[in-house]
Amino acid sequence: MTTEAFSGLVAALDPPLIVVTTAVGDERAGCLVGFHAQSSITPERYCVWLSKANHTYRVALRSDYLALHFLDTGDLSLATHFGTMSGDTVDKFADLPTETGTGGVPLLTDCPNVLVVRRSALLDEGGDHVCLPAEVVAARHGKPFTPFRLSQAAHLEPGHGNEERHGPPTERAAS
């Protein structure tokens with residue numbers, strides 16, 4: 001199979017986007033994520049793949065919990081906020097209303113559809129993303145929604161390129 005064939009097939013899927021947040025101590029992190037899926041019905045499990053280039057990935061390595069915020073079609077501003085800035089240099093939560101969830105994860109008050117998960121493993125098979133299989137520990141389903149999709153965010157410039165690799169600790173934690 002050619003790269004063009006793979007890219008064409010994947011582009012046709014137009015996956016929903018979520019914002020993943022996590023925290024360790026006072027360090028909070030969050031990013032826009034397109035790779036995620038339910039992975040078990042019983043017990044309830046969900047997987048999320050984080051880019052190794054992201055600040056969120058490096059914080060998640062030290063955290064047991066993640067919050068997965070399911071975006072609605074009207075959430076372009078949140079997608080832009082979490083998808084275009086780097087948590088290496090910016091506190092993405094400084095001006096956002098949040099509450100603290102299980103394990104200290106920041107919950108975005110403006111997102112009514114959220115899963116909080118406890119990471120059960122980390123799978124790094126050498127690609128630019130790692131898989132975090134997780135157990136669902138809490139769920140909030142505020143209202144029916146139409147998922148915000150990748151095609152709606154295609155114009156956004158990411159805060160990091162997928163080729164970047166940073167080593168822990170994160171830059172903000174080290175200062």
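Readers should treat all values here as calculations from the given coordinates under stated rules, not as data from a laboratory. These numbers were taken from a predicted model, which means no experiment stands behind them. Cβ placement follows ideal geometry from the backbone for every residue including glycine, while neighbour counts extend to all protein chains displayed.
Histogrammed with a bin width of 5 Å, the alpha carbon distances of the stretch 1-97 distribute as 2, 11, 21, 22, 19, 13, 8, 3, 1, 0 percent, first bin at zero. Full extension of the chain segment joining Ala37 with His141 gains 35.8 nm, where the gain is 0.36 nm per residue of separation less the Cα-Cα distance.
The ranking of Phe93, Phe35 by Cβ neighbour count inside 10 Å, starting from the fewest, reads Phe35, Phe93. Charge dipole (Cα centre; +1 on Lys/Arg Cβ, -1 on Asp/Glu Cβ; no other charges) of the stretch 28-115 amounts to roughly 400 debye.
Based on Cα contacts under 8 Å between residues 6+ apart, the chain shows a relative contact order of 29 percent.
With R₀ set to 41 Å, the beta-carbon distance separating Thr102 from Leu9 gives a calculated FRET efficiency near 0.65.
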